[in-house]
Amino acid sequence: MEIIVTESAYRDVLAQAKKDAPLESCGYLMGPDKNTVTVNYPMKNVDESAEHFSFDPKEQFAAVKYARQNGLTIVGNWHSHPATPSRPSAEDIRLALDSNILYFILSLAEQTPVFNAFVISNGEVREKINIR
């Protein structure tokens, strides 16, 4: 499986993550189908933590409404790891409750950011997805 993330969507994610660092940043990624990301829907990390994130349920509802109104599919959610690698933590895996979406992680730990996507279900990382 491969996911296409447009350059503009990636730039939006990267800019948001850098702005929010050293706190984790987060949002939803949307596109015209489940294999293409064209939109970053930024959200606030209500935990305001450098080690974990939580969405505001009202913002989540607004994101779903935005996707429906604009004919978009929610491909997945994303969050940043300001100081750790781009791989799901134990907490990320535990909180990945929707097996119908992808989980994207942007790491700012290295000089060059690393952006990965994962399929997580039933408490396991099932697959690392190639991003193009």
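Which pairs do you get when a residue that is in contact (Cβ under 8 Å) with a residue 60 or more places away in the chain, found in region 77-95, comes within reach of a residue that is of a type in the set (Lys, Arg) and not in a strand (DSSP E or B), reach meaning Cβ atoms under 9 angstrom, with the pair 6+ apart or on two chains?
The qualifying pairs are Ser80/Lys18.
Could you check how many residues of region 82-103 are touching a helix residue (DSSP H, G or I) at 6+ places or on another chain (Cβ under 9 Å) and in a strand (DSSP E or B)?
To start, the set of residues in region 82-103 that are touching a helix residue (DSSP H, G or I) at 6+ places or on another chain (Cβ under 9 Å) comprises 82, 103.
Adding the requirement that they be in a strand (DSSP E or B) leaves 103.
Total meeting the criteria: 1.
Out of Val5, Val39, I need the residue that is touching a residue at least 60 places away in the same chain (Cβ under 8 Å) and farther than 19 Å from Ile93 by Cα. Which one?
Values: Val39 fails: touching a residue at least 60 places away in the same chain (Cβ under 8 Å).
None of the other options fit; the residue is Val5.
Restrict the check to region 87-97 and report whether at least one residue is buried (at least 19 other Cβ atoms within 10 Å of the Cβ) and over 17 Å from Met1 (Cα atoms).
Restricting attention to region 87-97, the residues satisfying the condition of being buried (at least 19 other Cβ atoms within 10 Å of the Cβ) are 88, 96.
Keeping just the survivors that are over 17 Å from Met1 (Cα atoms) gives 88, 96.
For region 87-97, residues buried (at least 19 other Cβ atoms within 10 Å of the Cβ) and over 17 Å from Met1 (Cα atoms): present.
Anything in region 19-44 that is part of a loop (DSSP other than H, G, I, E, B), out of contact with any helix residue (DSSP H, G or I) (no Cβ under 7 Å at 6 or more places or on another chain) and of a type outside the set (Asp, Glu)? List them, or say none. Show your work before the answer.
Here is the first cut: in region 19-44, the residues part of a loop (DSSP other than H, G, I, E, B) are 21-25, 32, 34-35, 38, 44.
From the residues that got through so far, the ones that are out of contact with any helix residue (DSSP H, G or I) (no Cβ under 7 Å at 6 or more places or on another chain) too are 21-24, 32, 34-35.
Matches in region 19-44: Ala21, Pro22, Leu23, Pro32, Lys34, Asn35.
Computed from the coordinates by the stated procedures, all read-outs in this text should not be read as laboratory data. This one's a predicted model, so the numbers in the text were calculated from it and none came from an experiment. Here Cβ is always computed from backbone atoms with ideal geometry, including for glycine, and neighbour counts include all displayed protein chains.
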